[in-house]
Amino acid sequence: MLGSSSVIGADAKNQSEHAESPLIVSTWDFGKQANDVGMKILLQGGTILDAVEQGIKTIESSGNPSVGLSGGPNAVGVVQLDACIMFGPGHKAGSVAGIEGIKHPISAARRVMEKTRHVLLVGEGARMFALEQGLESVEQKQTINKPGAAKTDKKAGHDTIALLVLGADGNIAGGCSTSGLGGKLPGRVGDSPIVGSGLYVDNEVGAAGATGLGENVMRYCGSFMVVEFMRQGLDPTEACRQTIRRIASQDPLGFNLSINFVALDKRGRFGAAGTDHGFKYSVTSRTTSQVFANPGVLEIKAPR
Ligand code: SD4
C-alpha cells in the first residue's frame with residue numbers, strides 16, 4: 001500500500017535510528033505484502049495479533065513456494081507446515097509443527113495459544129485440533145513411497161515468513177509460518193515453530209524472527225539470543241549481527257550457515273542481519289512500506 005517497492009541498499013542510513021510505532025517488520029521482500037495487510041488492520045483499530053495473523057495468512061494463500069500448502073513437499077511428497085505465534089502481554093505462545101492439509105497454520109497456532117492449555121501441537125494431533133476449530137483444510141496424498149527417492153538436502157525454499165508487530169500501545173506480537181526445508185524427512189521440524197528459535201517476543205524488550213536453515217538456528221535458540229542481546233543494549237541490527245557472530249564462532253560451518261534474522265525493539269527501532277547475500281526484509285510504518293537489503297553480511301567480522 002505505502003511507499004515504493006524498490007529495495008533499499010545495505011549502505012542506506014542506519015535503519016536502527018528509526019523509532020516509531022506502530023511498526024511491522026518481516027522477512028523477505030514478499031513480507032511487504034503481509035506488512036501492508038497488517039498495518040491496514042492496525043490503522044483500522046485491529047489488534048496486533050490480528051495484524052500478525054492476517055498478514056501471515058496473506059502469504060500462506062499467495063502461492064508462495066515456501067509458505068502454506070503451496071510450499072515445498074517433504075521427501076515423500078507431502079507438505080508439512082510449521083507455524084508459531086507469540087503475544088507479548090502475558091508472554092503467550094502457540095505453535096503447530098508438521099501439520100498437514102491445513103490452509104492457515106498461523107491460525108491453528110493462534111488457536112493453540114488462545115483455546116488450549118498447551119503451546120505446541122504436532123502432526124495429526126495438530127491437524128485434528130485445527131479441523132475441530134473449523135479451519136479450512138484440503139486433502140493431501142503421499143506421492144512418493146520411498147523417502148530416499150526425493151532430495152532431502154534441497155537448499156532452495158528458504159523463505160519463511162516471520163513477522164513482528166509493535167503496536168501503538170507498546171505491546172509486541174509476532175508470528176512465523178513455513179513449509180520448512182524442501183525435501184525434509186517426514187516428521188522433521190525446523191526452527192519456526194520452536195519458541196526462541198524461529199521466533200521470540202519479549203514484551204519488555206522486543207522481538208526477533210528467523211529465516212534460513214532451521215537446523216542452524218534451533219541449536220542455538222537464535223531468536224531468543226537476538227532478543228537477549230537487545231536486552232543488553234544492542235540495537236536490533238547489531239543484536240542480529242552479534243547472534244550470527246556468536247553462532248559462527250562456535251559452529252563448524254563458520255559463517256556458511258544460511259541463517260538470517262529480523263528484529264524490532266520496544267522503542268520502535270528495527271534491524272536485520274543474515275549470512276545469505278540475497279536476504280531482504282520489509283519494514284512498514286504508518287507512512288512508509290519498504291524493502292531493505294541485508295545490511296549484515298559484509299560487516300560481520302570473523303569471530304576468531
Ligand atoms: C526451516 N527455517 O524449516 C525454516 C525454513 C526457512 O526461510 O526459514 N526458510 O528450516
**OP:** Kindly indicate which of LYS184, LYS154 is surrounded by 12 or more Cβ atoms within 10 Å (Cβ to Cβ), modelled with pLDDT of 95 or more, in a loop (DSSP other than H, G, I, E, B) and of a type in the set (D, E, K, R).
**Re:** LYS184
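Return the only residue of ARG269, ARG304 being more than 16 Å from the ligand (Cβ to nearest atom) and either at pLDDT 95 or above or under 22 Å from CYS176 (Cα atoms) (or both). Walk me through how you get there before you give the answer.
Working: ARG304 fails: either at pLDDT 95 or above or under 22 Å from CYS176 (Cα atoms) (or both).
Sole residue among the options that is more than 16 Å from the ligand (Cβ to nearest atom) and either at pLDDT 95 or above or under 22 Å from CYS176 (Cα atoms) (or both): ARG269.
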Subject >> Pair list, Cβ under 7 Å, 6 or more apart: the stretch 179-194 residue under 15 Å from VAL217 (Cβ atoms), other residue near the ligand (Cβ under 7 Å from one of its atoms) and of a type in the set (Asp, Glu) >> reply: GLY180/ASP82; VAL189/ASP82; GLY190/ASP82; SER192/ASP82; PRO193/ASP82
Subject >> Neighbours by Cβ (under 6 Å, 6+ apart or cross-chain): first from the stretch 215-243, touching a residue at least 40 places away in the same chain (Cβ under 8 Å); second aliphatic (A, V, I, L, M) and in a loop (DSSP other than H, G, I, E, B) >> reply: ASN216/LEU257; ARG241/ILE300
Subject >> So MET230, is it more than 16 Å from the ligand (Cβ to nearest atom), farther than 23 Å from PRO65 by Cβ, modelled with pLDDT of 95 or more and not small (Gly, Ala, Ser) >> reply: yes
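Tell me, please, whether a residue that is among the aliphatic types (A, V, I, L, M) and at pLDDT below 95 can be found in the stretch 279-291. Outline the logic, then answer.
Step one: of the stretch 279-291, the residues among the aliphatic types (A, V, I, L, M) are 283, 291.
Still in the running and at pLDDT below 95: none.
No.
Residues are listed down the side, and each one gets a yes or a no for (1) modelled with pLDDT of 95 or more; (2) within 16 Å of the ligand (Cβ to nearest atom); (3) surrounded by fewer than 24 Cβ atoms within 10 Å (Cβ to Cβ):
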site	(1), (2), (3)
GLU114	yes, no, yes
GLU124	yes, no, yes
PHE129	yes, no, yes
GLU139	no, no, yes
GLY148	no, no, yes
VAL165	yes, no, no
GLY170	yes, no, yes
SER177	yes, yes, no
GLY180	yes, yes, no
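Yes or no: LEU81 farther than 18 Å from ASP191 by Cα, touching a residue at least 12 places away in the same chain (Cβ under 8 Å) and either buried (at least 22 other Cβ atoms within 10 Å of the Cβ) or touching a strand residue (DSSP E or B) at 6+ places or on another chain (Cβ under 8 Å) (or both)? Break it down stepwise before answering.
Working: farther than 18 Å from ASP191 by Cα: no; touching a residue at least 12 places away in the same chain (Cβ under 8 Å): yes; either buried (at least 22 other Cβ atoms within 10 Å of the Cβ) or touching a strand residue (DSSP E or B) at 6+ places or on another chain (Cβ under 8 Å) (or both): yes.
It is false that LEU81 is farther than 18 Å from ASP191 by Cα, touching a residue at least 12 places away in the same chain (Cβ under 8 Å) and either buried (at least 22 other Cβ atoms within 10 Å of the Cβ) or touching a strand residue (DSSP E or B) at 6+ places or on another chain (Cβ under 8 Å) (or both).
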Original post:
Restricting to helices (runs of 4 or more DSSP H) lying wholly in the stretch 187-262: which have 1 or more residues that are under 15 Å from the mean Cα position of the chain (by Cα) and of a type in the set (Phe, Trp, Tyr)?
Top reply: 222-231
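The values are calculated or read from the model by the stated rules, or taken from the named source; none is laboratory data. Predicted, not measured: the structure shown is a model, and the values here were computed from it. Reconstructed Cβ throughout: ideal geometry from the backbone, glycine too, with neighbour counts over all protein chains shown.
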